Amino acid sequence: MSRENVYNFSAGPSMMPESVLEKAKREISDYNGSGMSVMEMSHRSKLFDEIFQASKAKLKSALNVPDNYEVLFLQGGATLQFAAIPLNLMGQGGSADYAVTGNFSSLAAKEAQKYGRVNIACDSSDKGHSCIPEALRLSADSSYFYYCANNTIYGTEWQSVPDTAGKTIVCDMSSDILSKPVDVSKFGLIYAGAQKNMAPAGLTVVIIDKSLAGRQADICPSVMSYDTLIKKDSMLNTPPCWCIYMLGLMLDWLESIGGVDEMEKIKKQRAGLIYDVLDNSRLYLPHARRDSRSDMNITFRTGSDELDAAFVEGASRRGLLNLKGHRLTGGIRASLYNAMPMQGAQALAEYMKQFEVEHHV
Ligand SMILES: *Cc1c(COP(=O)(O)O)cnc(C)c1O
């Protein structure tokens with residue numbers, strides 16, 4: 001198998017656009033006539049600082065980030081933020097409201113419990129995380145409301161930003177950032193592991209309202225203090241230099257296709273190709289409720305574990321890779337992140353229809 005005949009539906013790290021990889025390949029050993037790879041540069045050098053500032057400016061522009069927000073480029077993955085958020089924002093002996101709509105928000109809520117009181121604002125686990133709950137139970141004295149915008153494992157997505165009547169909103173956007181416009185001003189903090197829609201694994205992006213910095217608990221490690229990281233412009237220690245450079249290439253590519261406005265149209269159309277097959281099928285059982293569907297991760301099953309396995313196996317033989325569902329859910333999951341070409345979704349839709357004809361009893 002080679003790149004030309006493969007579509008990679010991995011949930012993350014995920015596929016990147018061909019043109020981005022080609023550009024990185026051309027520059028990998030000699031960046032812009034410097035005689036150095038980006039991987040070999042000091043993070044304190046002028047040359048790297050230009051790359052760093054350019055990626056930051058491009059991200060701010062792509063998401064229309066207001067000036068009172070800071071963009072941080074950090075290590076530790078989304079998972080580190082599960083702890084950093086309460087350590088910075090809960091306040092001494094404080095509390096926060098968490099929406100539990102899947103695996104990652106559940107983990108985030110459990111981590112936050114180590115540092116303060118957690119009020120579960122809603123919980124979809126009794127419905128197998130197949131939908132986004134409508135009502136939130138917010139507590140009067142909590143410091144923030146936390147939710148995960150797109151549930152990567154279960155394939156559900158919040159269709160709009162919830163109304164919290166002014167309470168600070170913190171959001172994990174790891175698996176749908178840059179797939180549509182967002183009104184950053186509605187959030188106190190947005191964060192995302194880069195490996196789904198932005199860059200290779202190793203970079204975490206935090207977008208924070210600067211007025212929230214400086215409230216960290218006494219025990220908050222310096223390397224996790226937003227206040228310190230803002231003051232040091234993400235360079236308290238060595239940032240993930242290569243990933244920050246790759247993010248710049250990804251953002252150039254995103255801009256070249258029309259930015260997040262265009263991406264929103266593309267992702268709806270792309271996911272629609274698969275949902276059309278699911279909605280007209282007598283074989284496939286979609287996991288997510290219709291009003292809660294994700295355009296990034298589509299989860300379904302055939303009703304039989306053997307047939308699910310045959311589906312995944314037959315798909316890989318055709319170059320449709322990594323369609324096996326997460327171990328928590330089983331079944332099948334197709335991740336259609338920004339870099340997935342329309343042809344990839346078309347090829348999958350065709351395969352699904354053919355598989356149904358061959359296997360429907
Ligand atoms: C992948 C993912 C995570 C975990 O990210 P890491 O960078 O591996 O810590 C957290 N939240 C969501 C929504 C994800 O998709």
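Brief remarks follow.
- The length gained by stretching the chain between Ile120 and Lys232 to full extension, at 0.36 nm per residue less their Cα-Cα distance, is 36.9 nm.
- Trypsin sites (Lys or Arg not before Pro) restricted to DSSP loop in the range 110-141 with at most 13 other C-beta within 10 Å: Lys114, Arg137
- Applying D = kT/(6 pi eta Rh) to the chain, where Rh is the Kirkwood radius over alpha-carbon pairs, T corresponds to 10 °C and eta to 1.306 mPa s, the Stokes-Einstein value obtained is 75 µm²/s.
- In terms of other Cβ atoms within 10 Å, Thr168, Thr204 run from fewest to most in the order Thr168, Thr204.
- Order of Lys353, Lys196, Lys265 under a 10 Å beta carbon neighbour criterion, fewest first: Lys265, Lys353, Lys196
- Based on Cα atoms of the range 285-341, Rg over Rh with Rh as the Kirkwood radius reads 0.97.
- For the range 20-83, the equivalent ellipsoid derived from the Cα gyration tensor has semi-axes of 25, 16, 13 Å, listed largest first.
- Three-way shape call for the range 63-177 based on the alpha-carbon gyration tensor, with the a/c threshold at 1.5: rounded
- Inter-label distance, Glu262 to Leu47: 3.1 nm, where each label sits 7 Å from its Cα along the C-beta direction.
- Pairs from Lys23/Lys196; Lys46/Lys196; Lys25/Lys267; Lys268/Lys353 whose Cα-Cα separation, in the structure shown, is over 24 Å: Lys46/Lys196; Lys25/Lys267
- Whole-Å distance, taken between Cα centres, linking the range 272-349 and the range 1-73: 29 Å
- Highest-first arrangement of 176-185, 244-253, 321-330, where packing means the average Cβ count within 10 Å: 244-253, 176-185, 321-330
- Cut-off 18 Å, label 7 Å out along Cα→Cβ of Lys23, residues of the range 334-357 by amide N: 338-341
- Residues whose placed amide H lies under 5 Å from that of Asn151, excluding near-sequence neighbours: Thr156, Glu157, Trp158
- Over the residues of the chain, the helix contribution to mean residue ellipticity at 222 nm works out to -11000 deg cm²/dmol, using -39500 (n - 2.57) for each DSSP H run of at least 4.
- Nitroxide proxy distance, nm - points 7 Å out along Cα→Cβ at Val357 and Arg289: 3.5 nm
- Distance cut-off 26 Å, percentage of C-alpha pairs in the range 1-141 lying past it: 52 percent
- Each of Val6, Val100 was scored by other Cβ atoms within 10 Å of its Cβ. Arranged with the fewest first, they read Val6, Val100.
- Choice from Met340, Met198, Met41 showing the highest fluctuation, given a GNM over the chain with Cα pairs closer than 10 Å: Met41
- Dipole of the range 199-320 [Lys/Arg +1, Asp/Glu -1 at C-beta], most positive-end residue of Pro240, Met296, Ser225: Met296
- Solvent-free Debye scattering, log10 I(q)/I(0), computed from the Cα coordinates of the range 179-289 at q = 0.09, 0.12, 0.16 Å⁻¹: -0.39, -0.63, -0.93
Values quoted throughout were computed directly from the atomic coordinates according to the rules given, and no laboratory measurement underlies them. This structure is a prediction, so every number in the text was calculated from the model and none was measured. Glycine gets a Cβ as well: all are built from the backbone with ideal geometry, and neighbour counts include every protein chain shown.
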